[in-house]
Amino acid sequence: MASFEGLAREELMQKVVELQQGLSELSLKVDTVKGENNQLREENGVLKDYLNNLMAKVGKMSNLGTTAPSRVMIQHNPDGAQSVRVNDHIGELTAPAMDD
């Protein structure tokens, strides 16, 4: 910690102003990080709901994984995957493409 003994009144006042500015900058950074944290928590909630819904749908599928899908059931997608837009920050979730 810096020692302020022996400094003139003007120098002390300047140090106080500098320390206040530093505190203000740190407070702003803390507020920014809190906002980002809240945004990430919301996005995690969206992803959790998405995965829970996806797992619920998969759980209702009969004979899942017991037989190979027929060619009639598989529609060709030029991108090779089905994309789902979650939000602008997360972007798209993409299911893996099935090998031919």
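Some points to look at:
- The residue among GLY35, LEU12, SER62 whose Cα reaches farthest toward the positive pole of the charge dipole of segment 1-65, with charges on the beta-carbon of Lys, Arg, Asp and Glu, is SER62.
- Other residues whose C-beta falls under 12 angstrom from the C-beta of LYS48 contribute a net charge of -2, scoring Lys and Arg +1 and Asp and Glu -1.
Read the figures in this text as sums done on the coordinates, not as results from a lab. As the structure is a computational prediction, the values presented were derived from the model and not from experiment. Heads up, the Cβs are rebuilt from the backbone with ideal geometry, glycines too, and the neighbour counts pull from every protein chain shown.
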